[in-house]
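Working notes, structure below.
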Amino acid sequence: MNPPSPLHPRRAVAASGASLTTGSLLAHRLANGIRLLILPGLKFRRRSITLTCRLRLGTETAAQALVPAVLVRGSSRVPETLHLRARLDDLYGASLTGAASKLGNAHLLHLRLGTVSDRVLPEPVWESALELWADVLRQPLLDQDGFHAGYVEEERRSISSELAGIFNNKTEYAQIRMLEAMFQGDPYSQTAYGTVAQLESTGPKEVARAYAALLAGAPITIATSGDVDPEQTVRQMENLFGDLALRADDPYRPPAEMATHAVREVEERQAVDQGKLVMGYRLGRHAAQPERLAVRVANALLGRYPHSLLFRHVREEASLAYYAASQVDLFKGLLVVHSGIDPRHRQGAQEIIERQVEAIREGTFSDEELELTRRAMQNELAAQTDRPEAVLGHAYDMDLLGEPYAPEREQAALAEISRQEVQAAFSRVQLDTVYFMSRPLAEGEL
Amino acid sequence: MIEQRLSGVGLSHFESELPSGLKVSTLVLPDFAKTYALLGVRYGSMDTRVPTAQGSRPIPAGTAHFLEHRLFESEDGNAMDRFASLGASYNAFTDYFQTAYLFSATSEEEACLDHLLTFVQRPHLTDAGVAKERGIIVQELRMYQDMPEHRSWQALLESLFHSHPVRQEIGGSEASVAEISAELLLECHSAFYRPSNMRLVVVGDVDPGAVVDQAARAFPDAVGPAPRFEPPAEPTAVRQSRVETDMAVSLPILEVGFKDPEPVSDLRRDTATSLMAEALFGESSDLYLELYRQGLISDGFGAQSFTGPGFGVVAVGGETVDPERLEEGLWQGIERVVANGLDPDRVERLRRREIGQFWGLFDRPEALAHAWMGMALQGQDLFQLPDLLQAITAAEVTARLALLSSAQSAVSVVRHHP
């Protein structure tokens with residue numbers, strides 16, 4: 001059930017959007033090292049282009065995240081946000097969005113343009129929209145201190161208030177608190193928008209510095225989809241970005257091995273009805289390893305679907321939770337289980353969750369459970385071709401690992417994956433941190 | 001079966017009404033890998049009475065939602081298992097006026113559709129199953145109680161309406177779900193899950209004729225009409241003009257809702273209302289940027305127009321550091337626009353923007369199917385939107401400003417309790 005609410009979702013975390021694919025993905029590299037991923041085709045009615053720049057999480061996270069947020073407020077040619085947005089509305093609701101996301105300890109900045117395809121509209125809009133996109137990227141609005149002070153301040157305040165507001169979403173808050181506890185001293189503990197403290201010390205100069213770093217050689221990928229002429233796109237991108245400095249050769253580096261220690265427990269008391277139990281595990285595996293796919297299957301078997309072990313055992317059998325699910329970040333080597341439970345049954349829920357992780361390691365899941373998981377993943381992979389943003393996102397990850405985007409190969413690998421491989425994928429999994437938020441419990445409630 | 005061509009995108013949709021009364025709508029999306037199917041029942045949380053020999057009697061809040069949860073239980077196991085074994089993803093949801101069941105598949109589409117059309121007709125309701133589900137539903141309700149945006153919205157509807165059942169929580173309360181029995185669920189199933197009260201929407205690279213044949217086989221016979229929703233007498237005035245909710249939040253929420261004193265089902269009027277709300281409060285408006293500049297709103301701020309049988313609401317708001325100043329800023333902005341009128345150029349730009357958004361829907365089969373179903377179950381036609389958007393005049397949009405009267409409004413504030 002999903003009642004309508006006037007509260008829109010939070011700032012988009014990653015580039016997403018829409019466009020097409022009947023053709024296959026083309027990859028190209030400009031002379032200065034900028035990567036192009038082009039997904040041409042006519043199946044879709046939208047067109048998009050996203051520039052993604054890869055930096056690192058660290059002391060500059062907030063300044064970096066402010067770059068796309070401030071860029072989309074206006075350029076030196078269209079300085080007023082009001083005018084820029086009027087232009088976009090006029091172009092049949094073109095969208096120009098800036099966002100930041102995390103991929104392991106990499107910090108990704110996105111600037112995305114989406115429009116309806118020219119062939120669907122009464123008049124063409126793409127070239128005008130592309131001009132605005134290129135404009136905000138290359139002709140930012142500057143004043144003597146660096147980036148436009150007013151826009152920097154407004155975006156800084158907006159992001160600060162969103163960070164302060166994370167507690168309003170208890171599910172998200174609990175996950176962030178678990179990450180903070182698990183990754184103390186590691187910038188991975190930050191959100192993609194940095195920390196409140198970082199934001200407080202970030203101004204126009206810091207944002208301008210982050211922007212300069214982006215231009216000076218950070219890896220850039222431009223991904224586009226829809227009614228695209230690949231050759232024309234390559235020429236256009238050469239014209240727009242060919243003058244930028246040579247890109248750094250910054251291949252993917254596997255995450256550092258996480259230290260082994262006794263399980264960390266964090267408890268927080270808040271005036272909430274539902275308890276939130278979040279468990280962080282060290283995977284002992286990462287994205288560049290051949291076991292990557294088996295890890296994803298193991299995680300899906302554990303907690304991605306309604307037929308997965310967590311949903312079955314924690315929710316359906318024990319009626320302890322409304323949700324119980326898991327996710328992996330292979331770029332960090334992390335497995336997270338999260339659930340919303342009756343706080344009085346915390347111990348029981350935790351035990352059932354630990355038993356399910358154990359079941360995968362020991363191979364006590366059924367052949368049928370594995371088969372259902374395999375089919376669900378095959379279905380998702382096949383359906384991905386309907387969503388260009390998903391294809392391009394997947395292609396980006398593969399490109400970062402230095403591998404081609406090959407969904408057919410992945411389908412074949414899924415078909416063949418064995419229970420031994422799935423078991424082995426979790427062989428190094430270790431519980432690291434348990435975070436639990438609940439209302440204060442009276443004695444005897446536990 | 002009637003084919004309707006959408007010349008803008010070069011696509012067609014197909015409409016039929018079967019002898020059983022089931023309506024079938026199909027949109028063919030060539031080359032899409034995925035088939036998305038949605039089976040909707042015009043039965044939601046607003047349907048608070050069930051027929052009896054003498055007339056009707058009230059049922060506990062949350063019954064439609066409870067039935068949606070329990071309908072997955074079948075005699076030979078769980079209906080989810082069958083979808084899972086076919087490799088499909090599947091789900092269901094309940095809102096104010098509908099219950100809907102859905103799947104998405106890239107293979108075995110025919111078997112999935114058969115299953116969807118069949119399992120909703122075969123309730124297997126036991127007292128033990130109902131008792132177990134209650135625990136899960138109570139957890140779901142508690143989760144919503146911890147969501148400030150949900151609480152704010154709920155409090156707003158309770159303030160705007162005296163007796164219209166849209167003011168009830170979709171899932172009911174812990175007390176109301178405690179009163180729901182297997183027997184009651186069966187009674188509601190038999191009353192509302194009738195083909196004449198249902199619609200199938202299928203979007204994907206499918207054969208529309210084959211979809212209709214399959215649906216006709218699954219629903220061969222008419223069963224008679226389902227109960228008609230009779231909106232209760234609802235005063236035009238709001239029930240209370242202000243409500244405050246205390247809970248654990250780190251950022252307060254302010255929402256202002258306006259109650260339409262003359263709610264009617266009219267797509268043209270609804271579209272004009274949405275354009276008016278977007279013109280005033282959308283992120284390309286003066287007011288939005290002014291409030292943003294003052295640090296009173298962030299990206300989550302927005303307005304929506306929400307209409308249904310016997311009600312109409314425009315609501316605007318979001319998280320804010322200072323609900324008092326935001327409220328003041330909103331009223332000033334509204335007064336200014338009401339005094340000066342809307343800029344016709346801005347209305348024109350928003351018209352173009354909405355047309356773009358409409359065509360963009362055809363790349364998002366799920367969103368398209370949901371919008372289609374939601375409107376069709378209320379007797380409206382999604383595909384009239386492009387023509388309507390072309391035809392609506394700035395004067396019509398401006399006329400909808402009348403809705404924003406403080407006398408017809410309620411303010412909902414959520415704050416951190418001390």
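Side notes on the structure shown:
- Against chain B, whose longest principal axis comes from its Cα atoms, helix B:267-281 is set at around 40 degrees.
- Calculated log₁₀ intensity ratio I(q)/I(0) where the Debye formula runs over C-alpha points of region B:1-105, q = 0.13 Å⁻¹: -0.70
- Total formal charge among the other residues, if their Cβ is under 9 angstrom from that of A:V207, Lys/Arg +1 and Asp/Glu -1: +1
- The angle between the Cα long axis of helix A:367-383 and the main principal axis of chain A comes to about 10°, on a 0 to 90 degree scale.
- With Cα atoms, 0 to 90° folded angle of helix A:388-400 axis to chain A main axis: 80
- The smallest convex shape that holds all Cα atoms of region A:176-278, its convex hull, gives 222 Å³ per residue.
- A Stokes-Einstein calculation at 10 °C with viscosity 1.306 mPa s, built on the Kirkwood radius of region A:297-446 over Cα pairs, returns a diffusion coefficient of 94 µm²/s.
- In this structure, A:D145 and A:D249 have a Cβ-Cβ separation that, at R0 = 30 Å, corresponds to a calculated FRET efficiency of about 0.35.
- Charged neighbours of B:N91, selected by a Cβ distance under 11 Å, balance to -2 (K, R count +1; D, E count -1).
- Approximate shape of region A:31-241 as ellipsoid semi-axes (Cα gyration tensor, √5λ), whole Å, largest first: 30, 19, 18
- Dividing the radius of gyration of the alpha carbons in region B:2-218 by their Kirkwood radius gives 1.00 for Rg/Rh.
- Reciprocal mean inverse distance between Cα atoms of region B:292-358 - Kirkwood radius, Å: 14.2
- Distance in nm between pseudo-label sites at A:A259 and A:T59 (7 Å out along the Cβ direction from Cα): 2.1
- Cα centre as origin, Lys/Arg/Asp/Glu Cβ charges: chain A dipole, Debye: 120
- Each of A:T224, A:Y281, A:Q139 was placed along the dipole of region A:139-288 (beta-carbon charges, centred on the mean Cα), and the one lying farthest toward the positive end is A:Y281.
- Listed residue pairs exceeding 31 Å between alpha carbons, taken from A:K102/B:K132; A:K276/A:K332; A:K102/A:K170; A:K43/A:K276; A:K43/B:K23; A:K43/B:K259: A:K102/B:K132; A:K43/A:K276; A:K43/B:K259
- Using the alpha carbons alone, the radius of gyration of region A:123-165 stands to its Kirkwood radius in an Rg to Rh ratio of 1.18.
- Volume per residue that the Cα convex hull of region B:324-369 spans, once the total is divided by residue count, Å³: 111
- Other residues with beta-carbon under 15 Å from the beta-carbon of A:G150 carry, at +1 per Lys or Arg and -1 per Asp or Glu, a net charge of -2.
- Solvent-accessible area buried by B and A, counting both chains, probe 1.4 angstrom, square angstrom: 6600
- Dipole size of region B:2-218 about its Cα centre, with +1 on Lys/Arg Cβ and -1 on Asp/Glu Cβ: approximately 560 debye, rounded to the nearest 20.
- Stokes-Einstein, applied to the Kirkwood radius of region B:242-416 over Cα pairs at a viscosity of 1.002 mPa s and 20 °C, places its translational diffusion at 125 µm² s⁻¹.
- Modelled label positions at B:A407 and B:R217, each set 7 Å beyond Cα in the direction of Cβ, lie 6.1 nm from each other.
- Each Lys and Arg contributes +1 and each Asp and Glu -1, all at the Cβ; summed about the Cα centre of the protein assembly as shown, the dipole is approximately 760 debye.
- Gaussian network model of chain B, springs between alpha carbon atoms under 10 Å - residue of B:G55, B:G135, B:G310 with greatest fluctuation: B:G55
- Three semi-axes of the equivalent ellipsoid, chain B, Cα gyration tensor, whole Å, largest first: 37, 28, 20
- When you restrict to C-alpha pairs under 8 Å that are six or more residues apart and normalise by the size of chain B, the relative contact order lands at 21 percent.
- Once exposed loop trypsin sites (Lys or Arg not before Pro) are cut out (DSSP; at most 15 other Cβ, 10 Å), longest piece of chain A: A:120-427
- Spin-label model distance (nm) - A:E354 vs A:E238, 7 Å beyond Cα toward Cβ: 6.2
- Protein-protein interface of region B:343-368, residues with accessible area decrease of at least 50 Å², isolated chain reference, 1.4 Å probe: B:R349, B:R352, B:D363
- Plainly put, chain A has a radius of gyration that is 0.98 times its Kirkwood radius, both from alpha-carbon atoms, as the Rg/Rh ratio.
- Overall dimensions of the protein assembly as shown, expressed as equivalent-ellipsoid semi-axes from the Cα gyration tensor (√(5λ), whole Å, largest first), are 38, 35, 30.
- Value at 222 nm in deg cm²/dmol, rounded to 500, when DSSP H runs of n ≥ 4 in chain A each add -39,500 (n - 2.57): -12000 deg cm²/dmol
- Pairwise centroid distance, computed over Cα atoms, of region A:341-364 with region A:236-281, Å: 25
The values are calculated or read from the model by the stated rules, or taken from the named source; none is laboratory data. Quick caveat, the model's predicted, so the values are computed rather than measured. Methodologically, a virtual Cβ is constructed for each residue, glycine included, from the backbone with ideal geometry; neighbour enumeration extends over all protein chains shown. Accessible surface is based on the protein model in full, side chains and every heavy atom, while ligands, DNA and RNA are left aside. Shrake-Rupley method; radii C 1.70, N 1.55, O 1.52, S 1.80 Å.
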